[in-house]
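Peer 1: Structure provided below as structure tokens; questions to follow.
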Amino acid sequence: AQSVAQPEDQVNVAEGNPLTVKCTYSVSGNPYLFWYVQYPNRGLQFLLKYITGDNLVKGSYGFEAEFNKSQTSFHLKKPSALVSDSALYFCAVRAFYSSASKIIFGSGTRLSIRP
Amino acid sequence: DTEVTQTPKHLVMGMTNKKSLKCEQHMGHRAMYWYKQKAKKPPELMFVYSYEKLSINESVPSRFSPECPNSSLLNLHLHALQPEDSALYLCASSQGGGARQPQHFGDGTRLSIL
């Protein structure tokens, strides 16, 4: 069965410091991995994805993620956090079901950036 | 601004009412999705339409009835809902139903059942 785990409910970082939001996955076959962000009273916004190729994937708003096959991880990173990065972050994996596929989301990590 | 538009933004209804949620996208996407999201939880998939045909139904109660009139529109018809159905309902679309394409989400309809 496909699954995604986000081990931290909350991550607190000072503005200007690097941030990491952790994600591990379990899939059969090649993983298609995604990160989404959700601001209050908004829908989810796509940040970045890993399909194949380079293990370091760059996305929106200065975020990047590192795919590590041996550790089955896909951690989200940013070199210098902004207060405006405070939001709820979801890691996700796509799973195949016959003619369609669906996303399986992790439980979410609340990122809080203090000024 | 999101490219997936959902109306209404807020809806309050009694348990005997009938209402509909609407979703529209003009990105030419051929897969559309309904999700239910409770506070501080991940979205839960309800339905997937692929090329205007229902391809996934996640055992959703029959009081929720989806409809895809054309490739740009997705409706969710509601009838005889329960208080536990109060949640944020999100619509999403993607380019085809394949696994490589990210989903684009609307800002949702916040539904309250009295």
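Peer 1: Please go through the range B:79-111 and pick out each residue that is in contact with a Leu (Cβ under 7 Å, 6 or more places away or on another chain), away from chain A (no Cβ under 12 Å) and part of a strand (DSSP E or B).
Peer 2: Selection gives B:Ala87, B:Leu111.
Peer 1: Restricting the first residue to the range A:85-111 and requiring it to be part of a strand (DSSP E or B), which pairs with a second residue that is among the charged types (D, E, K, R) and at pLDDT 95 or above meet a Cβ separation below 6 Å and a spacing of at least six or different chains?
Peer 2: Pairs found: A:Leu88/A:Arg110; A:Thr109/A:Glu8.
Peer 1: Let me ask something else about it. Working only within the range B:1-21, note down all residues that are more than 12 Å from chain A (Cβ to nearest Cβ) and buried (at least 17 other Cβ atoms within 10 Å of the Cβ).
Peer 2: As a first pass, look at the range B:1-21 and keep what is more than 12 Å from chain A (Cβ to nearest Cβ): B:7-8, B:11-21.
B:Leu11, B:Met13, B:Leu21, listed by residue number.
Peer 1: Still on this structure, I have one more. Would you check which residues across the range A:19-47 are in a strand (DSSP E or B) and open to solvent by less than 10 Å² (accessible area, probe 1.4 Å) and list them?
Peer 2: Applying the first criterion (in a strand (DSSP E or B)) to the range A:19-47 yields A:19-21, A:24-26, A:33-38, A:44-47.
A:Leu19, A:Val21, A:Leu33, A:Phe34, A:Trp35, A:Tyr36, A:Val37, A:Leu44, A:Leu47 - these are the residues of the range A:19-47 that are in a strand (DSSP E or B) and open to solvent by less than 10 Å² (accessible area, probe 1.4 Å).
Peer 1: To continue, here is another question. Which of the residues that make up the range B:1-16 are out of contact with any Leu (no Cβ under 7 Å at 6 or more places or on another chain), in contact (Cβ under 8 Å) with a residue 24 or more places away in the chain and in a loop (DSSP other than H, G, I, E, B)?
Peer 2: Once the filter is applied, which keeps residues that are out of contact with any Leu (no Cβ under 7 Å at 6 or more places or on another chain), in contact (Cβ under 8 Å) with a residue 24 or more places away in the chain and in a loop (DSSP other than H, G, I, E, B), the range B:1-16 yields B:Thr2, B:Glu3, B:Pro8, B:Lys9, B:Thr16.
Peer 1: Any residue that is acidic (Asp, Glu) and open to solvent by 70 Å² or more (accessible area, probe 1.4 Å) - is there at least one of those in the range B:96-110? Walk me through it before giving the result.
Peer 2: So in the range B:96-110, the residues acidic (Asp, Glu) come out as B:107.
Now restrict to residues that are open to solvent by 70 Å² or more (accessible area, probe 1.4 Å): none.
No; the residues of the range B:96-110 include none that is acidic (Asp, Glu) and open to solvent by 70 Å² or more (accessible area, probe 1.4 Å).
Peer 1: Restrict the check to the range A:64-79 and report whether at least one residue is outside any loop (DSSP other than H, G, I, E, B), more than 12 Å from every other protein chain (Cβ to nearest Cβ), β-branched (Val, Ile, Thr) and farther than 14 Å from B:Arg100 by Cα. Explain how you work it out, then say what you get.
Peer 2: Applying the first criterion (outside any loop (DSSP other than H, G, I, E, B)) to the range A:64-79 yields A:64-68, A:73-78.
Then drop every residue that is not more than 12 Å from every other protein chain (Cβ to nearest Cβ), which leaves A:64-68, A:73-78.
With β-branched (Val, Ile, Thr) added as a condition, the list becomes none.
Checked against the condition, which is being outside any loop (DSSP other than H, G, I, E, B), more than 12 Å from every other protein chain (Cβ to nearest Cβ), β-branched (Val, Ile, Thr) and farther than 14 Å from B:Arg100 by Cα, the range A:64-79 yields no hits at all.
Peer 1: From the set of residues in the range B:43-81 that are among the polar types (S, T, N, Q) and open to solvent by less than 70 Å² (accessible area, probe 1.4 Å), which is farthest from B:Gly28 (Cα to Cα)? Steps first, please.
Peer 2: Quick first cut of the range B:43-81, residues among the polar types (S, T, N, Q) only: B:50, B:55, B:57, B:59, B:62, B:65, B:70-72, B:75.
Now drop any that are not open to solvent by less than 70 Å² (accessible area, probe 1.4 Å), which leaves B:50, B:55, B:65, B:70-72, B:75.
Values: B:Ser50: 12, B:Ser55: 18, B:Ser65: 23, B:Asn70: 11, B:Ser71: 8, B:Ser72: 7, B:Asn75: 17 Å.
Residue satisfying both the conditions and the ranking: B:Ser65.
Peer 1: If you don't mind, there's one more thing I want to ask. Look through B:Lys40, B:Lys36 and report the one residue that is under 17 Å from A:Phe105 (Cβ atoms) and not in a strand (DSSP E or B).
Peer 2: Numbers: B:Lys36 fails: not in a strand (DSSP E or B).
Being under 17 Å from A:Phe105 (Cβ atoms) and not in a strand (DSSP E or B) holds for just one of B:Lys40, B:Lys36, which is B:Lys40.
The values are calculated or read from the model by the stated rules, or taken from the named source; none is laboratory data. On a predicted model such as this, the values are computed, not experimentally measured, just so you know. All Cβ positions, glycine included, derive from the backbone under ideal geometry; neighbour counts span all protein chains shown. To get the accessible areas, we keep the full protein, side chains included, count just its heavy atoms, and leave off ligands, DNA and RNA. Shrake-Rupley method; radii C 1.70, N 1.55, O 1.52, S 1.80 Å.
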